[in-house]
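Q: Before I ask anything, here is the structure I am working with.
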Amino acid sequence: MNLAEVAVAAPAATRIASAHERTVPAWWFAAKRTIDVVVAIAVLILTLPITLIAMLGIVLVTGGSPMFLQERVGRDGRRFSMFKLRTMVCGAHLMHGDMQALNEVEGPVFKMRDDPRLHVLGSILRRTSIDELPNFINVLRGEMSAVGPRPPLPSEVAHYDDFAMRRLVVKPGVTGLWQISGRSRVTFEQWMRLDNGYVNSWSPLGDLDIIVRTVPAVIRGIGAH
């Protein structure tokens, strides 16, 4: 058994505990939380008309619930339900196994440019990142941060090696270095390096810089699908 296999086989909690976050000033955490709350409230209020229109559109074209709750893995391996606008047809999760052969990226993640499970508005919501606006509810609840690594699925974490596992020592974020660096155009290895880079260097001012850089990245929509 090689080192990667040993890492995968080890209990997740133990592996996360061994991947220590660097020591930072205590006030940085208070500043980060303040940024999170202010940004989340501002985004949720300012984008409320867009979110309501998107929700109405989803109901009209699919007849199902516009909101989607998905189990994700947060800081220290704690699981939580992440809020998103639904971009796929009802029952899409039942087709997941049949879609694996069509995966367009390497690593334990599934990404596909023209996923047939998307409903009529799905690709638009993803390309504009409107589907992720409800993530800020999780930010207010303290389960996510405005900036940080994207929260993975439990099935993805099951295949993480120790290098990838280290991204779980900080709160997951709505945006981060991955989002402003090309998103799905970035390989899984590059993605993990970006997240580890964030763990090694985050700061309140750095978070503000990423938030500002996210706006043009969302407008360009590069790698968003």
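Q: Report, by residue number, each residue of the range 18-47 that is closer than 16 Å to Asp207 by Cβ and outside any helix (DSSP H, G or I).
A: The answer is Glu21, Arg22, Val24, Pro25.
Q: When the range 49-66 is examined, which residues are found to be surrounded by fewer than 17 Cβ atoms within 10 Å (Cβ to Cβ), not polar (S, T, N, Q) and not in a helix (DSSP H, G or I)?
A: Gly63, Gly64
Q: Out of curiosity, is Thr87 modelled with pLDDT under 95 and surrounded by 15 or more Cβ atoms within 10 Å (Cβ to Cβ)?
A: yes
Q: Which pairs do you get when a residue that is closer than 16 Å to Ser123 by Cβ, found in the range 77-104, comes within reach of a residue that is at pLDDT 70 or above and assigned to a strand (DSSP E or B), reach meaning Cβ atoms under 6 angstrom, with the pair 6+ apart or on two chains?
A: What qualifies is Lys84/Phe68; Arg86/Phe68; Thr87/Leu118; Met88/Leu118.
Q: Those residues that are at pLDDT 95 or above, β-branched (Val, Ile, Thr) and out of contact with any Phe, Trp or Tyr (no Cβ under 6 Å at 6 or more places or on another chain), I need them from the range 1-47; list them, please. Spell out how you get there, then give the answer.
A: Initially, the range 1-47 is screened for residues at pLDDT 95 or above, giving 27-47.
Now drop any that are not β-branched (Val, Ile, Thr), which leaves 34-35, 37-39, 41, 43, 45, 47.
Thr34, Ile35, Val37, Val38, Val39, Ile41, Ile45, Thr47 - these are the residues of the range 1-47 that are at pLDDT 95 or above, β-branched (Val, Ile, Thr) and out of contact with any Phe, Trp or Tyr (no Cβ under 6 Å at 6 or more places or on another chain).
Q: So Gly173 clears everything in (1) of a type in the set (Gly, Ala, Ser); (2) surrounded by 19 or more Cβ atoms within 10 Å (Cβ to Cβ); (3) over 20 Å from Val24 (Cβ atoms) except one condition, right? Which one?
A: Checking Gly173 against (1) of a type in the set (Gly, Ala, Ser); (2) surrounded by 19 or more Cβ atoms within 10 Å (Cβ to Cβ); (3) over 20 Å from Val24 (Cβ atoms), the one that fails is (3).
Q: Still on this structure, please answer the following. Which residues, counting only those in the range 157-180, are in contact (Cβ under 8 Å) with a residue 60 or more places away in the chain and of a type in the set (D, E, K, R)? Reasoning before the result, please.
A: The initial filter retains those residues of the range 157-180 that are in contact (Cβ under 8 Å) with a residue 60 or more places away in the chain, namely 157-162, 165-166, 168-172.
Hits for the range 157-180 are Asp161, Asp162, Arg166, Lys171.
Q: Looking only at the range 153-167, count every residue that is out of contact with any helix residue (DSSP H, G or I) (no Cβ under 9 Å at 6 or more places or on another chain) and of a type in the set (Val, Ile, Thr) and tell me the total.
A: So the answer is 0.
Q: Please note which helices (runs of 4 or more DSSP H) are completely contained in the range 113-225 and include at least 2 residues that are aromatic (Phe, Trp, Tyr). Before you say what the answer is, go through the steps one by one.
A: Details: elements: 122-127, 135-140, 154-157, 162-165, 188-201, 204-220.
Answer list for the range 113-225: 188-201.
Q: Go through the range 185-201 and count every residue that is over 15 Å from Glu156 (Cα atoms) and of a type in the set (Phe, Trp, Tyr).
A: The number of residues fulfilling the criteria is 1.
Q: Which of (1) in contact with a Phe, Trp or Tyr (Cβ under 7 Å, 6 or more places away or on another chain); (2) closer than 17 Å to Ala40 by Cα; (3) buried (at least 18 other Cβ atoms within 10 Å of the Cβ) does Val186 not meet, given it meets every other one?
A: With respect to (1) in contact with a Phe, Trp or Tyr (Cβ under 7 Å, 6 or more places away or on another chain); (2) closer than 17 Å to Ala40 by Cα; (3) buried (at least 18 other Cβ atoms within 10 Å of the Cβ), Val186 is out only on (2).
Q: Which one is surrounded by the most Cβ atoms within 10 Å (Cβ to Cβ) among residues in the range 147-170 that are farther than 11 Å from Trp191 by Cβ and aliphatic (A, V, I, L, M)?
A: Val147
Q: Could you figure out which of (1) within 10 Å of Pro149 (Cα to Cα); (2) at pLDDT below 90; (3) not hydrophobic (A, V, I, L, M, F, W, C) isn't true of Arg167?
A: For Arg167, the failing item is (2).
The values are calculated or read from the model by the stated rules, or taken from the named source; none is laboratory data. All values reported here derive from a predicted model rather than from experimental measurement. Counting neighbours? That spans all protein chains shown, and the Cβs are built from the backbone with ideal geometry, glycine included.
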